[in-house]
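Shown next, in structure tokens, is the structure this report addresses.
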Amino acid sequence: IENRPAVSLWLGAWGDGTSVDAFHLDLEQTPDGPTLFGWPDALFEADPQRSLLLCFGDPYTFPALDLFLPTVNDDYPGLPVAGGMASSPTGPGAGSIILNGEVMEQGAVGVLLRGDFRFRTVVSQGCRPVGRPLVITKGQDNIISELGGKTPLEYLRGLLEEVAARDKELMQKGLMLGMAMSEYRDEFRRGDFLIRNLIGLDPRTGALAVTDRVRRGQTVQFQVRDEAAADEDLKELLDAAKAEGLSPAGGLLFSCNGRGSRMFSTPDHDARTIQERVGPLALAGFFAAGELGPVGGTNHIHGFTASAVLFE
């Protein structure tokens, strides 16, 4: 449901072997710097391989990128996170996050699931590669100065002359960069890259700025996104999950507010595709302003992504 008010209600029940702990995270300034308070006590004894953290945050007051995700990834490696940031187009204070009947003014609410339950996360970044994988030969912070011995600008000028007309159009509308999650692969495929937006190219130096930190020796590949690529990506990931035995009874779906009818020519694309590929199942969720989900075993915040968690 888009462009009008709606309620999506989802109920789940697990056996005695599963525990559910709800929590509210709030940012406070301390003498040691900004700190998140409200972590559930059960998190300290959770087995990352048998647990799941669902999190729903206010994009204006919850530091998902700078504090929340680094804390989870560093302190609880292997613990998957799914969820999204509330979409508040009218500005701060427009969204509401609710926990046990109480409306929270800021931060994030979440649920920690632990125990005897089976689930699968599916994070569809909706892109396909253009060109070839390249190694960063010179770069620092979020600036790439050289790719395979060439400046990014020099490489992209050559790539524009090589690709088909459709890819050239997509590159000019919104080029992105895929950052390999592991260098130890003979061949890179869909799902091996974390997709990041480009900030801009410096015409003087040919350097490229991206929305993440980079390092020398890292493998990257430019990416494009359109309706066909997003459709293909989600279907391929779901088919792979089904081939591995996934048979979900329910699921939660967090789609970017830039998807839906803004990206696809027909409504309900992401929800309908999940139902067709791995359903029928009880599916609910919302359009998010930043989606949470793991790629390559590490949790990230994404854009233009469909992030789903599917429960057996």
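So the values come out like this:
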| item | result |
| --- | --- |
| Positive-pole candidate from 143, 211, 188, dipole of segment 97-216, charges at beta carbon | 188 |
| Relative contact order %, the chain, counting alpha carbon pairs below 8 Å whose residues are six or more apart | 23 |
| Options 297, 280, 251, ranked by Cα towards positive dipole end of segment 187-312, top entry (Cβ charges) | 297 |
| Solvent-accessible surface (1.4 angstrom probe) belonging to residue 96, in square angstrom, nearest 10 | 80 |
| Computed magnitude of the charge dipole of the chain (debye, nearest 20; Cβ of K, R +1, Cβ of D, E -1) | 1060 |
| Residues whose placed amide H lies under 5 Å from that of residue 300, excluding near-sequence neighbours | 293, 295 |
| Listed pairs 138/168; 150/173; 138/173; 150/242; 173/235 exceeding 31 Å between Cα atoms | 150/242 |
| Correct option for Cα extents along the principal axes in Å [calculated from the coordinates] among (1) 58, 45, 32; (2) 61, 53, 32; (3) 59, 52, 41 | (3) |
| Length-normalised contact order of segment 264-310 in % [C-alpha pairs under 8 Å, at least 6 apart] | 25 |
| Charge context of residue 216, other residues only, Cβ under 13 angstrom, K/R +1, D/E -1 | 0 |
| Alpha-carbon centroids, segment 1-71 and segment 194-242: separation in whole Å | 27 |
| Cα gyration tensor, segment 1-106 - rounded (a/c under 1.5), prolate or oblate | oblate |
| Net dipole in debye of segment 214-312 [+1 Lys, Arg Cβ; -1 Asp, Glu Cβ; about Cα centre; nearest 20] | 380 |
| Most mobile listed residue (232, 146, 45) in the chain, GNM with C-alpha springs under 10 Å | 45 |
| Within segment 193-271: Cβ-based charge dipole about Cα centre, in debye rounded to nearest 20 (Lys, Arg +1; Asp, Glu -1) | 580 |
| Choice from 141, 32, 212 showing the highest fluctuation, given a GNM over the chain with Cα pairs closer than 10 Å | 32 |
| Listed residues 239, 41, 231, most fluctuating in the chain (Gaussian network, C-alpha, under 10 Å) | 41 |
| Cβ-defined net charge surrounding residue 134, 10 Å radius [Lys, Arg +1; Asp, Glu -1] | +1 |
| Cα centroid of segment 125-188 to Cα centroid of segment 245-312, whole Å | 26 |
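The values are calculated or read from the model by the stated rules, or taken from the named source; none is laboratory data. If you're wondering where the values come from, they're calculated on a predicted model, not measured in any experiment. Here the Cβ is made from the backbone with ideal geometry for all residues, glycine too, and neighbour counts use every protein chain on show. The protein model used for the area step is the full one, side chains on, heavy atoms only, and it has no ligands, DNA or RNA in it. Shrake-Rupley method; radii C 1.70, N 1.55, O 1.52, S 1.80 Å.
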